[in-house]
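The values are calculated or read from the model by the stated rules, or taken from the named source; none is laboratory data. Here the structure is a predicted model, which is why all the values come from computation and not from measurement. Ideal geometry is used to build each Cβ from the backbone, glycine not excepted, and the neighbour counts take in all protein chains shown. The protein model used for the area step is the full one, side chains on, heavy atoms only, and it has no ligands, DNA or RNA in it. Shrake-Rupley method; radii C 1.70, N 1.55, O 1.52, S 1.80 Å.
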Amino acid sequence: MGTNLFIYGPLCIPVMMQIVAGCRPQEEPAFLEGYRVAPRQPDGVPLLVQAPGEVAEGMLLRGASDEMVERIAHFADAHGLEPASLLISAPEGPLRAMAFRGQTGRWPVAPGNWSAATWAEVAGEEACHAAHEIMKLRGRFSGEALRFRLGQIRARAASRVAALHEQVPHRVGRGPKDPWVEEIGQRDDHAGWYFTRTFDLRHQTFAGMGSPQIRREVLLAPDAAIVLPYDPQRDSVLLVEQFRLGPYGRGEMLPWMLEPVAGRLDPGESPEDCARREAREEAGVALGALHHVAGCYPSPGCSTEFHHCFIGICELPEIGQYGGGLAEEVEDIRTHILPFDRAMELMSSGEARNAPLILSLLWLAGKRSELRGAA
């Protein structure tokens, strides 16, 4: 017999339904009286919300298979939605159907109704990439373990969309003639706070032939904004110091690192907005003008992470040490405010071991007179 399902929001869009359900099932228009489809705050996930006098539009899937129900339930679980039996209106009359909705009053919702057109324009491409990754975790994670990964999943999806749409001039490095990459297969190996994927592929070589088949693992990381706060009046910079797993894993005896302010981009957030937010959260600093230093891959041989590096003009307090960071992100941060010359000495002494810090200091050294003259 199967299960009657009432779907709404992105699942009514064919490309998303294909990703989640694994097929394009037969659908018919249906609606739910006394409800509306409202965007959840702050992530925009559509929710069924009780609203007397209103109507929530959706689709009815009659007799959905157990596998389809399980796939849709997994997708709903990733967003914290739970099954409920509701009386819906269909072309042949009212009937009971299962729908996935959030607990009443659990999340704040925005005014107005969720819009498919707005979703497609603002978040559709990113949401489809995120849905692919969510569905790959089916059978491995559920409940809180699945929802714990959602923020990173969405951030990685946003990074992928950004990479697909970047307009980068290729005047020197143009790749081989008639460049191509043949992906033979991939598998996801680890899905914790970080995510690793193994690719099997071949690619065009500069000699014009296909490479041998290559198997390589890659760390799938979101884009990050990195900003070095600089006060041109005081001629001082702000550095943050915190424990880092990279140096610890390498075996350093003192795995605390001096760095610029840094953080991953949230979905829908620009690198500039992220830099300003992180400066407030990590250092309590309000940034003025932002000067773009570089966009770069710190380790392109094994990681997708992409850095958007800035110098942020600001007013800094007196030279000294201060505390910072967000407790909910388990951040234990100490900030250091140093004269520019003292900061530059960190490179010759070997204390500056963070690549974005070195890059930012070198850029600042070349632009410092100009920035101080404009202050």
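A few notes on this one:
- For the chain, the relative contact order is 12 percent, taking Cα pairs closer than 8 Å that sit 6 or more residues apart in sequence and dividing their mean separation by the residue count.
- Under the convention that each Lys and Arg Cβ holds +1 and each Asp and Glu Cβ holds -1, the size of the dipole of the chain around its Cα centre is about 680 debye.
- When the inverse distances between all different Cα atoms of the chain are averaged and flipped, the Kirkwood radius reads 23.8 angstrom.
- Karplus (6.51, -1.76, 1.60) ³J(HN,Hα), θ = phi - 60°, over the range 247-264, in Hz, Gly and Pro reported as x: x, 5, x, 6, x, 5, 6, 10, x, 9, 10, 7, 8, x, 5, 8, x, 6
- Of the complete DSSP H runs in the chain, those spanning 20 angstrom or more by Cα along the long axis with a mean Kyte-Doolittle score not below -0.5 are 150-165, 355-374.
- With the biggest extent put first, the Cα atoms of the range 89-157 measure 42, 30, 26 Å across the principal axes.
- Surface per residue (accessible, 1.4 Å probe) for the chain, Å²: 53 Å²
- Unit charges at the beta carbon, dipole of the chain: most positive-side option, Pro356, Pro179, Pro271: Pro179
- Relative to its residue count, the range 89-219 spans a Cα convex hull of 222 Å³ per residue.
- Relative compactness, the range 246-305, computed as alpha-carbon Rg over 2.2 N^0.38 Å: 1.36
- Among Cys23, Cys274, Cys12, residue whose mean-square fluctuation peaks in a GNM of the chain (springs only between Cα atoms under 10 Å): Cys23
- Euclidean distance of C-alpha centroids, the range 221-293 and the range 117-151, integer Å: 27 Å
- Between Pro169, Tyr248, Ala73, the Cα set farthest toward the positive side of the dipole of the chain (charges on each charged residue's Cβ, about the Cα centre) is that of Pro169.
- Within the accessible area of the chain (1.4 Å probe), percent carbon and sulfur: 54 percent
- Rg(Cα) / (2.2 N^0.38 Å) computed for the range 181-311, rounded to two decimals: 1.33
- GNM remark for the chain: springs join alpha carbons under 10 Å apart, and the peak mean-square fluctuation among Pro25, Pro300, Pro179 falls on Pro179.
- Once Rg and the Kirkwood radius are both taken over the C-alpha atoms of the range 132-201, their ratio Rg/Rh works out to 1.08.
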